[in-house]
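First comes the structure, then the notes that go with it.
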């Protein structure tokens, strides 16, 4: 069955520290992987996506993610976290070439201390 | 960028009544709109997919008579929760996509429904 697992429910980091949010997926076909951020009162915003090619993808707001097929992972990273990065982060997997039928993980809440 | 709005942002209704939630694509025409439900500490669950002018396609386990979806125009979709019960209380999120924007889904800010 298709699924996405985000093992960390809640992560707290200090501002300026590095960040890695974990995402593991189970998908029968070639996965199309996404990271979204959800801030209070705002819709989910796409940070980055991976379809094919270079396994290290760059996104907005200084985020990047690395696709590792052998580990079925697509972890999100940022070298230096800003207080404004505090939000809920969702990993998702989709089918084929478009973003229909997105399957979301349960999310990781990021808290940033000054 | 593409903007999707939802109205209302919060609604409280009494058990047994119906409530309508609107989802609008403000600056693009949405060929497809999606409705999700988000439980506390849970992921978003896709409820249904709708294409303008067509009947919505519901995911398994979602009651189509309970959650009525109408996609009457390329910029508006509505979700009506009929005969609401407290267990319908949740956060409902819509998204919209447009094939010429690469089919990426653009999400609305969500609607918090509380049924008393």
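Averaging Cα coordinates gives a centre for segment B:1-44 and one for segment A:40-114; these two points are 22 Å apart.
Site pair residue A:30 and residue B:112 shows an inter-label distance of 4.2 nm when each label is modelled 7 Å from Cα along Cα→Cβ.
With Cα atoms as the point set, chain B shows a radius of gyration and Dmax of 13.3, 42 Å. When chain B is treated as a Gaussian network with alpha carbon springs shorter than 10 Å, the biggest mean-square fluctuation among B:77, B:15, B:95 belongs to B:15.
Set the Förster distance to 35 Å, then compute FRET efficiency between residue B:10 and residue A:3 from the Cβ-Cβ distance, nearest 0.05. FRET efficiency, residue B:10 to residue A:3: 0.70. Counting beta carbons within 10 Å around each of B:27, A:85 and listing the fewest first gives the order B:27, A:85. When the Cα atoms of chain A are aligned to their principal axes, the ranges along those axes come out at 42, 28, 22 Å in descending order. Name the shape class, rounded, prolate or oblate, that the alpha-carbon gyration tensor gives for the protein assembly as shown, where a ≥ b ≥ c are the square roots of its eigenvalues, rounded holds for a/c under 1.5, and otherwise prolate holds if a/b is larger than b/c and oblate otherwise. It is prolate, given that a/c is not under 1.5 and a/b is the larger ratio. Per-residue mean of foreign Cβ neighbours for B:32-41 is 2 (Cβ atoms of other chains, 10 Å radius). Considering only B:53, B:16, B:61, the mean-square fluctuation computed in a Gaussian network model of chain B, springs between alpha carbons under 10 angstrom, is largest for B:61. Counting, for every residue in A:101-113, the Cβ atoms of other protein chains within 10 Å of its Cβ and taking the mean gives 3. Using a Gaussian network model of chain B in which every pair of alpha carbons under 10 angstrom is joined by a spring, one finds that among B:57, B:75, B:17 the greatest mean-square fluctuation is at B:17.
In terms of its C-alpha gyration tensor, segment B:40-95 comes out prolate, because a/c is 1.5 or above and the ratio a/b outweighs b/c. The stretch between residue B:70 and residue B:85 holds 3.3 nm of extra length on full extension. This uses 0.36 nm per residue minus the Cα-Cα distance. FRET efficiency for the residue A:54 to residue A:15 pair, using the beta carbon distance and R₀ = 41 Å, is estimated at 0.90.
Read the figures in this text as sums done on the coordinates, not as results from a lab. None of the values given here were measured: they were computed from a predicted structure. Please note: Cβ atoms are built from the backbone with ideal geometry, for glycine as well, and neighbour counts cover all protein chains shown.
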